[in-house]
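Written out below as structure tokens is the structure these notes cover.
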Amino acid sequence: MLQQYTKEFRYNLKLATPVMMGMIGHTLVALVDNIMVGQLGTAELAAVSLGNSFMFIAMSLGIGFSTAITPLVAEADAENNFKNGKSAFKHGLFLCTTLGMVLFLAILVAKPLMYLMKQPIEVVELAIPYLDLVAFSLIPLISFQALKQFSDGLSLTRYPMYATLLANVVNVVLNYLLIFGKFGFPQLGIVGAAIGTLASRFVMIIFLWIFLKKKEKSKAYVTQIKFFILESKMMKKIIALGFPSALQMFFEVAIFTAAIWLSGILGKNPQAANQIALNLASMTFMVAMGLSVAAMVRVGNQKGLRHFKDLRRIAFSIFLLTFLIEAVFALFFILFNEMLPKIYLDVNDVENLTDNTEVIGIAARLLVIAALFQISDGIQVSVLGALRGLQDVKIPTVITFIAYWVVGFPISYYLGLHTEYKSSGIWIGLLAGLTTSALLLYIRFNKLTKKMINSD
């Protein structure tokens, strides 16, 4: 009985691992920025956190929207329908690039909100010049996502990984040169980190395009594209899938962003500690995101073939694999909860010793809660991927809204600001929201696939 699920593990991992590496690569950009900026002090680390909180919201909308491309390309690939696959890619790339420009302008307009959010003033003044440059990087990033989702839909998951890893090398080198002013370069502090991020995202899209043009399977899709000859039918199809998917990701990312802002109300040290714990949890979440893409691709393929029993079995094998991997991460966070935060701060800095000690203590407590929500977070995102593979997006959007904003946020707000739990209370709310989401999405997928099998 169990073997029918475990026999899929190898292929699921083969498909998901490059996606995981690529997603971890995205998070590594933030990790490197945080570690390098953390050497400048807790105010600078909190400023990057505040600036990135705006970015996370915009990125969630862009990345969520781009996921519409993958199931359409995967279904067309299974049906050997080149015309539909190319149309999904072309219209998806056009819409994602347009969305990137809109989100960049929206962040520029929203910047003054920082002064109204009860954040420490020194943190806001450091964050604004950082945000200007990082916001512009949304345009290449979301265009890259369109290419990536297309590549994933063709099961060519390695090429986005290569482009992301190369971009990380560029980011690390530029950060080192520009944050600290090495080898004659100007010492720009956190603005240097923003320049590194911007440059790395342009490198990412250029190299992925080159990879896809050279690969036989994808070459015909990415060449001779008539960008401005657009069909309303495919535009509507991508928007109908992409807009709810964007909202799903937005609802989840927004509650984590709210956690950053609530932590800022508690002070710069709780905000810095929140950023450390969030960055570590994000790294492990990217593994689940890889499995979510594998679920989307494989479910999309089986839907195209109308193999509904295999579709359900393969999806359940991915859920089981996700559970096992996230349980290992949970154990890791519990065992090393006090050691991991020390990576981010200079523990030998006598001048900031009190601040750094407080940040490490808070972050260690948050990591214990993060250990618990690893499993919920992993399950909910892999089930969400499977539902996107079925092109079922409307009901899951309502589910994610209820889980995060009807259940999770009120708990975070009350426990964080009105009880002694403080930072831990904010994260207990996150745990409640993620667990509710995982449970309701699983019920939805179970019901839908049983109905598909019975009606076949």
Can you tell me how many residues within the range 331-368 are polar (S, T, N, Q) and farther than 20 Å from ALA43 by Cα? 1
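With at negative phi, in contact with a Gly (Cβ under 6 Å, 6 or more places away or on another chain), part of a helix (DSSP H, G or I) and open to solvent by less than 40 Å² (accessible area, probe 1.4 Å) as the only criterion, which of ASN175, ASN274 stands out? Steps first, please.
Working: ASN274 fails: in contact with a Gly (Cβ under 6 Å, 6 or more places away or on another chain).
Going through ASN175, ASN274 in turn, just one is at negative phi, in contact with a Gly (Cβ under 6 Å, 6 or more places away or on another chain), part of a helix (DSSP H, G or I) and open to solvent by less than 40 Å² (accessible area, probe 1.4 Å): ASN175.
Quickly run through the range 2-61 and pick out the residues that are within 30 Å of SER317 (Cβ to Cβ), of a type in the set (Phe, Trp, Tyr) and either open to solvent by 40 Å² or more (accessible area, probe 1.4 Å) or not in a helix (DSSP H, G or I) (or both). I'd like the intermediate steps shown before the answer.
Going through the range 2-61, the residues within 30 Å of SER317 (Cβ to Cβ) turn out to be 2-28, 59-60.
From what is left, the residues that are of a type in the set (Phe, Trp, Tyr) are 5, 9, 11.
Matches in the range 2-61: TYR5, TYR11.
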(1) farther than 26 Å from LEU331 by Cβ; (2) open to solvent by 10 Å² or more (accessible area, probe 1.4 Å); (3) among the polar types (S, T, N, Q): which one isn't true of SER282, the others all being true? (1)
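Identify all residues within the range 62-84 that are part of a helix (DSSP H, G or I) and open to solvent by 10 Å² or more (accessible area, probe 1.4 Å); write none if there are none.
Start the filter on the range 62-84 by keeping residues that are part of a helix (DSSP H, G or I), which leaves 62-66, 69-78, 82-84.
If the condition is that a residue be part of a helix (DSSP H, G or I) and open to solvent by 10 Å² or more (accessible area, probe 1.4 Å), then ILE63, PHE65, LEU72, GLU75, ASP77, ALA78, PHE82, LYS83, ASN84 are the ones that fit.
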List every residue pair whose Cβ atoms sit under 7 Å apart, with the two residues 6 or more apart in sequence or on different chains, where the first one lies in the range 99-122 and is within 27 Å of PHE144 (Cβ to Cβ) and the second, anywhere, is open to solvent by 50 Å² or more (accessible area, probe 1.4 Å). PHE104/PHE136
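Of these, ALA327, ALA370, which one is hydrophobic (A, V, I, L, M, F, W, C) and either within 20 Å of LEU31 (Cβ to Cβ) or out of contact with any helix residue (DSSP H, G or I) (no Cβ under 8 Å at 6 or more places or on another chain) (or both)? Before the answer, list the steps.
On the way: ALA327 fails: either within 20 Å of LEU31 (Cβ to Cβ) or out of contact with any helix residue (DSSP H, G or I) (no Cβ under 8 Å at 6 or more places or on another chain) (or both).
None of the others qualify; the one that does is ALA370.
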Might you check whether a residue that is of a type in the set (D, E, K, R), over 24 Å from GLY242 (Cα atoms) and in contact with a helix residue (DSSP H, G or I) (Cβ under 6 Å, 6 or more places away or on another chain) occurs anywhere in the range 86-105? no
Given (1) closer than 24 Å to GLN271 by Cβ; (2) in contact with a Leu (Cβ under 8 Å, 6 or more places away or on another chain), number of the condition LEU156 does not satisfy: (1)
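The rows are residues; the columns are (1) outside any helix (DSSP H, G or I); (2) in contact with a Cys (Cβ under 7 Å, 6 or more places away or on another chain); (3) modelled with pLDDT of 95 or more.
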residue	(1), (2), (3)
GLU351	yes, no, no
GLU358	no, no, no
ALA371	no, no, no
VAL398	no, no, yes
VAL406	no, no, yes
Inspect all residues belonging to the range 43-64 and state whether any of them is closer than 19 Å to ALA386 by Cα and of a type in the set (D, E, K, R). no
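Could you check the range 218-230 and list, in sequence order, the residues that are at pLDDT below 85 and either open to solvent by 80 Å² or more (accessible area, probe 1.4 Å) or of a type in the set (Ser, Thr, Tyr) (or both)? Outline the logic, then answer.
Initial filter on the range 218-230 (at pLDDT below 85): 218, 220-230.
Within the range 218-230, SER218, TYR221, THR223, GLN224, LYS226, PHE228, ILE229 meet the criteria.
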Only one of LEU99, LEU113, LEU95, LEU108 is at pLDDT below 85, open to solvent by 20 Å² or more (accessible area, probe 1.4 Å) and assigned to a helix (DSSP H, G or I), namely LEU113
Is there any pair linking a residue in the range 1-18 that is more than 16 Å from PHE323 (Cα to Cα) to one that is part of a helix (DSSP H, G or I) and open to solvent by 50 Å² or more (accessible area, probe 1.4 Å), with Cβ under 6 Å and at least six apart or on different chains, and which? PRO18/ARG158
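The values are calculated or read from the model by the stated rules, or taken from the named source; none is laboratory data. Note that this is a predicted model, so its numbers are computed, not measured. Every residue, glycine as well, gets a Cβ built from its backbone with ideal geometry; the counts of neighbours run over all protein chains shown. Side chains included, ligands, DNA and RNA excluded: accessible areas come from the protein's heavy atoms. Shrake-Rupley method; radii C 1.70, N 1.55, O 1.52, S 1.80 Å.
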